[in-house]
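Here, each number is a calculation from the coordinates, and none is a lab measurement. Just so it is clear, the structure is predicted and the values come from calculations on it, not from any experiment. Counting neighbours? That spans all protein chains shown, and the Cβs are built from the backbone with ideal geometry, glycine included.
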Amino acid sequence: MSKIEEKLAELGLELPNSPAPMASYVPAVTTGNLVFLSGVVSKGAEGLITGKLGRDLTVEEGYEGAKTCALNLLANLKNEIGDLDKVKRIVKLLGMVNSTPDFTQPPAIINGCSDLLLELFGKNGEHARSAVGVATLPAGVAVEIEMIVEIHTS
């Protein structure tokens, strides 16, 4: 078990099965020492987390949805590189929040993903990020996040 997975276990979390793509794409593409992870949606053990922030869900519920995205991203990353201890740096996140037009807190939602990555990877988990509200997401999910990761190649 990797050190990162040990940290997850200490937090009472575990990686889900790597989520299958919802359309015609692959979950990850590695080029050189960068891994580009396709967007994953807010899907936990109980299924999809759906609804609009600012109408159907609280900030706390959205935060938890983004945390499930982090776990799904890490599952896809592990599937791509084999060992999460190969992560050199989390480089960039793009977080999309299904929200009402007047919802102004997408950054607070995407913190659910960012905070977990920082807890797991420490300084190497610090990343650039965009967090935006959108009119809709696939299957009505609350959150979708994609990630770029730098890995050790030797």
> Going by how many other beta carbons lie within 10 Å of each one, how would you line up Ile145, Ile109, fewest first?
Replying inline: Ile145, Ile109
> With contacts defined as alpha carbon pairs under 8 Å and 6 or more residues apart, what's the relative contact order of segment 3-151 in percent?
Replying inline: 34 percent
> At what distance in angstrom do the alpha carbon centres of segment 66-83 and segment 1-45 lie from each other?
Replying inline: 1 Å
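Using a Förster distance of 25 Å, how high is the FRET efficiency between Glu10 and Lys123, based on the Cβ-Cβ distance and rounded to 0.05? Don't skip to the answer; put the middle values down first.
Details: r = 19 Å, r/R0 = 0.75.
It comes out at approximately 0.85.
Arrange Thr58, Thr31, Thr68 by Cβ neighbour counts within 10 Å, fewest through most, would you?
Working: Thr58 11, Thr31 7, Thr68 27.
With the fewest neighbours first, Thr58, Thr31, Thr68 line up as Thr31, Thr58, Thr68.
Please list the helices of the chain that count as membrane-span-like by this rule: a mean Kyte-Doolittle hydropathy of at least -1.0 together with Cα atoms stretching 15 Å or more along the helix axis, each helix being a complete DSSP H run.
Values: long enough: 59-81 (33 Å, -0.14); 106-121 (23 Å, 1.02).
Answer set is 59-81, 106-121.
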> Residues with amide H under 5 Å of Gly44's amide H, sequence separation 5 or more or different chain, H placed in the peptide plane at 1.01 Å from N; which?
Replying inline: Ile49
> Lys52: which lysines have alpha carbons under 20 Å from its alpha carbon, excluding same-chain residues fewer than 8 sequence positions away?
Replying inline: Lys43, Lys67
> Val29 versus Val91, label points 7 Å from Cα toward the beta carbon: distance in nm?
Replying inline: 1.3 nm
> Taking Lys3 as the anchor, which aspartates and glutamates have their alpha carbon closer than 14 Å to its alpha carbon, excluding any fewer than eight residues away along the same chain?
Replying inline: Glu14, Asp83, Asp85, Glu119
> What ranking do Met96, Met1, Met22, Met147 get, fewest neighbouring Cβ atoms within 10 angstrom at the top?
Replying inline: Met1, Met22, Met96, Met147
> In segment 3-96, what chymotrypsin sites (Phe, Trp or Tyr not before Pro) fall in a loop by DSSP, with at most 14 other Cβ atoms inside 10 Å?
Replying inline: Tyr25
